[in-house]
Amino acid sequence: MLQSITSPTTLNAENPIAVMQRRELKYILTREQTALLRQAMAGHMEADQFGRTTIGTLYYDTPDYRLIRASIEKPEYKEKLRLRSYGRAGENSPVFLELKRKYEGVVYKRRVKTTVGGAAAFLRRDTDGPDDGQISRELTAFREHYGALIPSCMIIYDRTAYVERGGDLRLTIDENPRYRVRDLDLTRPMDGTPLLRDGCAILELKVQSAIPLWLSRVLSEGRIYKASFSKYGEAYRRELLRRTLRSAS
């Protein structure tokens, strides 16, 4: 049975944004393109109430990296499991255990609020998720299907999220994306190895319908083109290349 969210062995499904479904489009921005986009957004979009936030995301995978290996092959369907914190986590501060699936370009997310210890206990099978609800069943089914799931990579970035005035468009700019494959703990300092060249950022458009005309025009005029980019996938490729070079030397 569930205890209070302050317990380190608790998962809690009471989260108003626990279920998300949308298209996500990604772009890599230069420093100049980021400045152009921010200028063009004036009057159309505004930063959400959280402002600029450092986000830490801990990805779980099988010991042989089954999930990320499948993902970078770009199948029609793929899925990932991750634990996310907004700012550096404390032992009992809220974090989110999230199941992310993508099918034919549409992203589906299911997540529950928990703690760092609660997520670890769940994945060790020391505890169960909530005993009712679809999200709990999906997380448990994922855990049982893949067997051993261990921390594999931590992704950190500084995000500013923007929302459209009177619309459903959400836009995020992730600056200074970085990663590490050691100290895989959201309670540790949020530093890591850069994923992009200095000054570059990742733009994500999260839409339920079409991109508004004003934004399409800005993307075209700024020569901002869609990119296939996964933060975890890029980190995995870098580490795989590093291991290959090390073994060859």
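Bear in mind that the values in this text are calculations on the coordinates, not laboratory data. The model shown is predicted, which means the values in this text are computed figures rather than measured ones. A quick note on method: Cβ atoms are made from the backbone with ideal geometry, for glycine too, and the neighbour counts reach across all protein chains shown.
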Mind giving me the nanometre distance, one decimal, between the label points for F229 and D158, set 7 Å out from Cα along Cα→Cβ?
1.6 nm
Report, largest value first, the span of the C-alpha coordinates of region 183-249 along each principal axis, in whole Å.
51, 33, 24
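Could you tell me which trypsin sites (Lys or Arg not before Pro) in region 94-150 are loop residues by DSSP with no more than 16 other beta carbons within 10 angstrom of their beta carbon? Working shown, then result.
Numbers: sites: K100, R101, K102, K109, R110, R111, K113, R124, R125, R137, R143; in loops: R124, R125.
Passing both the DSSP loop test and the Cβ count: R124, R125.
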Could you give the size of the charge dipole of the chain about its Cα centre, using +1 on the Cβ of each K and R and -1 on the Cβ of each D and E, expressed in debye and rounded to the nearest 20?
740 debye
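Using the scaling law 2.2 N^0.38 Å as the reference, what is the normalised Cα Rg of the chain?
The value comes to 1.03.
Can you give the calculated 222 nm mean residue ellipticity of the chain, where each DSSP H run of n ≥ 4 adds -39,500 (n - 2.57) and the sum is split over every residue, rounded to the nearest 500 deg cm²/dmol?
Computed ellipticity for the chain at 222 nm equals -8000 deg cm²/dmol.
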Tell me, what HN-Hα J-couplings in whole Hz come from the Karplus equation 6.51 cos²θ - 1.76 cosθ + 1.60 at θ = phi - 60° for each residue of region 152-168, using x for Gly and Pro?
10, 6, 10, 10, 10, 7, 9, 10, 10, 9, 10, 10, 7, 6, x, x, 10
Separation of the R31 and E221 label points, Cα + 7 Å toward Cβ, nm
2.3 nm
Report ³J(HN,Hα) in whole Hz for each residue of region 75-89, in order, from the Karplus equation J = 6.51 cos²θ - 1.76 cosθ + 1.60 where θ = phi - 60°; Gly and Pro get x.
x, 5, 10, 8, 8, 9, 10, 8, 10, 10, 10, 9, x, 4, 7
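Which length gain, in nm to one decimal place, applies between A42 and T54 when the Cα-Cα distance is subtracted from 0.36 nm times their residue separation? Could the numbers behind the result be given before it?
Numbers: separation 12, 0.36 × 12 = 4.32 nm, distance 2.31 nm.
Separation in residues times 0.36 nm, less the Cα-Cα distance, equals 2.0 nm.
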Using only Cα atoms, tell me the angle between helix 134-146 and the longest principal axis of the chain; keep it within 0 to 90° and round to the nearest 10.
70 degrees
If R0 = 41 Å, then R188 and S209, at their Cβ-Cβ distance, give a FRET efficiency to the nearest 0.05 of 0.55
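Peptides 176-182, 70-76, 55-61, 201-207: what's the order by average Cβ count within 10 Å, highest mean first?
Numbers: 176-182: 17.1, 70-76: 12.3, 55-61: 22.0, 201-207: 19.0.
So the peptides 176-182, 70-76, 55-61, 201-207, ranked by packing, come out 55-61, 201-207, 176-182, 70-76.
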Label-point separation, R23 to D126 (7 Å along Cα→Cβ), nm:
4.4 nm
